[in-house]
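Peer 1: Quick one: structure below, then a few questions.
The values are calculated or read from the model by the stated rules, or taken from the named source; none is laboratory data. Remember, it's a predicted structure, so these values are computed and weren't measured experimentally. Positions of Cβ are generated from backbone atoms using ideal geometry, with glycine treated the same way; all protein chains shown enter the neighbour counts.
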Amino acid sequence: MECNGCEFRAELYYDDQYQIWVRQEEDGSLTVGMTDISQTVAGKILHVRVRRPGTIRPVGKPVATIESGKWAGPVPNIFDCVIEEANLDVLEDPNLLNIEPYEAWIARVRPTESVAQALSVLVTGDAAKQGYCERTRREDIHCERGAR
Amino acid sequence: MAVVAVELIVTSHFPPVWRLLDTGVRRAAENMALNRALLEARQSDVAPNTIRFLGFEPSALLGFHQSAEQELDLDYCAANGVTVQRRITGGGAIYMDADQLGWELYVDRRALGLAEMSQIAEKICTAAATGLQQLGVNAQFRPRNDIEVEGRKLSGTGGAFDGEALMYQGTLLLRFDVEKMLRVLRIPAEKLADKAIASARDRVTSLAVLLDVVPERVAIIATLSKALANAFGVSLQAGELNAAEIGLYEAALKEIDHPDWVYGVSKPATDRPTVTAQRKFAGGTLRVNVAYDLPQQRLRQVWFSGDVFISPRRTLMDLESRLRDVLIGRMPVTVEDFFAERQVDALGITPQNIVELIQAALVDVPVI
């Protein structure tokens, strides 16, 4: 489904500002990516840097950094985790984040506590849908894909 | 609640107060650590919205994701007392010394009323350009991030974000040591020094070039800060760093004043070749130098030169700006669109000629 043209996927988990999405994997890891809202706000993404596998990332220390135009900043991290893997396709072509934000994942991480603990600070389902749509309306964000 | 807050701001006779900071001339590492500290302090709401002015000892500043080997002549820097540092903002490498004045904003995104980063950059740059106009120069915002005077860059800018907090910074050229810049930065200029210098002077200007007398630093700060405050409907109050910021600064300096921070991004110079091509036309010779990003297949920087007649004169400089970071596959349509949008008198040189010239420069670059 969409709000203001911004795609929302009900099966994913989100931070309360809908900057990142998180997907639970069968092996106990979590996959992290940017939402359609985030890639639109950022504009054409030219660089992505993911911390090395094995790096511990506490809350507030970014899993990855991005650069668009001349803006640089973190892909925020809201639960303690260890980086397991970066998406090499995205490192090589960061623009994929603008084209398919929900397929172009950024990193796989393993939460330091349990998966349930990590997911407990995220929102999902109907509550997430409502918050996601509210943000697009409040900030008048209309999503566009594929800034190249 | 949000609606009530907006009404209060609109109807109040007392505009919000932002802090005005002047941290003087400092080492690059100290300035970068202050960038980090002030942005973090704004993000955690322990510091107010702030406008800061700053100065630098001689230094080469990399963009956040850049590699020193690709962007700088490190031997020259080491031999000439030019410190290498890494910004927390994006964009390209720059040379800084006492001839530039840095200006910065630290604000909560919600205070700006804009969501998209490109709109925020435009609003801040337009406000800064208004301030520069009041100093007597015809400064204008040029997308994406420059403030220019008749096609020549006077102030380059870039930003960093952390949650809802933003830091946006610019450098104002008071004077311009073109030879030093060409020595420090690996930019795709001509190899012949005199041509490179003339070519650089076509692209960059300074207050010293534009005005009979460069205003005093304090007068520039007063004019620029007033223009920025007016643009955002706020008043300014001079202040100092608070205790929380000093604590954050000391922690940031430990990380930033260290080779791991400066050289932690390492990409081989061979991944960013500089290539060139030249063609003769009825209106003269046109040459192009291209800094090319091989892994990403993007034009990083394009630099035209030669003696062709093109009017308006700034056309090729504006095209260089448009072509920055463009995928090579989208270069032809970008050039065609650029010329379709404006009236250009180019004595027999067509947009297709320019496309073919850039393609000729890249002919020996391997395709990944």
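Rundown of residues vs (1) free of Cβ contacts under 8 Å to residues at least 60 places away in the same chain; (2) surrounded by 11 or more Cβ atoms within 10 Å (Cβ to Cβ), yes/no style:
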residue	(1), (2)
B:E216	yes, no
B:F232	no, yes
B:E240	no, no
B:K267	no, yes
B:T270	yes, no
B:P273	no, yes
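Peer 1: Looking at (1) at pLDDT below 95; (2) aliphatic (A, V, I, L, M); (3) in a loop (DSSP other than H, G, I, E, B), find the lone condition where A:L91 falls short.
Peer 2: (3)
Peer 1: Read through the list (1) crowded, with 20+ Cβ neighbours inside 10 Å; (2) modelled with pLDDT of 95 or more, then give the number of the only condition that B:K226 fails.
Peer 2: If we test B:K226 against (1) crowded, with 20+ Cβ neighbours inside 10 Å; (2) modelled with pLDDT of 95 or more, just (1) comes out false.
Peer 1: State all residues of region B:235-247 that are in contact with a Leu (Cβ under 8 Å, 6 or more places away or on another chain) and within 12 Å of B:A37 (Cβ to Cβ); if no residue qualifies, say none.
Peer 2: The answer is B:L241, B:E245.
Peer 1: Look at B:K280 and say whether it is assigned to a helix (DSSP H, G or I), away from chain A (no Cβ under 14 Å) and more than 24 Å from the chain's Cα centre (by Cα).
Peer 2: no
Peer 1: In addition: When only residues in region A:127-147 that are of a type outside the set (D, E), at negative phi and assigned to a loop (DSSP other than H, G, I, E, B) count, which is surrounded by the most Cβ atoms within 10 Å (Cβ to Cβ)?
Peer 2: Among them, the one singled out is A:I141.
Peer 1: Pull up region A:42-57, narrow it to residues that are at the interface with chain B (Cβ under 10 Å from one of its Cβ atoms) and outside any strand (DSSP E or B), then point me to the one that is farthest from B:R324 (Cα to Cα).
Peer 2: By that ranking, first place goes to A:A42.
Peer 1: When region B:133-180 is examined, which residues are found to be acidic (D, E) and touching a helix residue (DSSP H, G or I) at 6+ places or on another chain (Cβ under 9 Å)?
Peer 2: B:D146, B:E148, B:D162, B:E164, B:E179
Peer 1: Between a first residue in region B:331-346 that is more than 21 Å from B:D307 (Cα to Cα) and a second residue that is part of a helix (DSSP H, G or I) and small (G, A, S), which pairs have beta carbons less than 7 Å apart while being 6 or more apart in sequence or on different chains?
Peer 2: none
Peer 1: Being away from chain B (no Cβ under 12 Å), part of a strand (DSSP E or B) and touching a residue at least 60 places away in the same chain (Cβ under 8 Å): is that true of A:V82 here?
Peer 2: Against the criterion (away from chain B (no Cβ under 12 Å), part of a strand (DSSP E or B) and touching a residue at least 60 places away in the same chain (Cβ under 8 Å)), A:V82 does not qualify.
Peer 1: Can you name the residue in region B:1-44 that is polar (S, T, N, Q) and at pLDDT below 95 and is also farthest from B:A60 (Cα to Cα) among such residues?
Peer 2: Across region B:1-44, the extreme among qualifying residues is B:T11.
Peer 1: Run down A:A107, A:A116 and say which single residue is more than 14 Å from chain B (Cβ to nearest Cβ) and without any contact (Cβ under 8 Å) to a residue 40 or more places away in the chain.
Peer 2: Answer to the check: A:A116.
Peer 1: Can I ask one more? Taking region B:170-196 as the region of interest, how many residues are at pLDDT 90 or above and touching a Phe, Trp or Tyr at 6+ places or on another chain (Cβ under 7 Å)?
Peer 2: The total comes to 7.
Peer 1: Across region B:308-340, which residue is farthest from B:A361 (Cα to Cα) among those that are hydroxyl-bearing (S, T, Y) and surrounded by 15 or more Cβ atoms within 10 Å (Cβ to Cβ)?
Peer 2: Only one residue fits best here, namely B:T315.
Peer 1: Take B:A47 and decide whether it is modelled with pLDDT of 95 or more, more than 19 Å from B:E255 (Cβ to Cβ) and in a loop (DSSP other than H, G, I, E, B).
Peer 2: Here the answer is yes, as B:A47 does meet what is asked.
Peer 1: Right, here's the next one. Only one of these is surrounded by 21 or more Cβ atoms within 10 Å (Cβ to Cβ), over 14 Å from the mean Cα position of the chain (by Cα) and small (G, A, S): A:S68, A:S29. Name it.
Peer 2: Step by step, each of A:S68, A:S29 is checked, and only A:S68 is surrounded by 21 or more Cβ atoms within 10 Å (Cβ to Cβ), over 14 Å from the mean Cα position of the chain (by Cα) and small (G, A, S).
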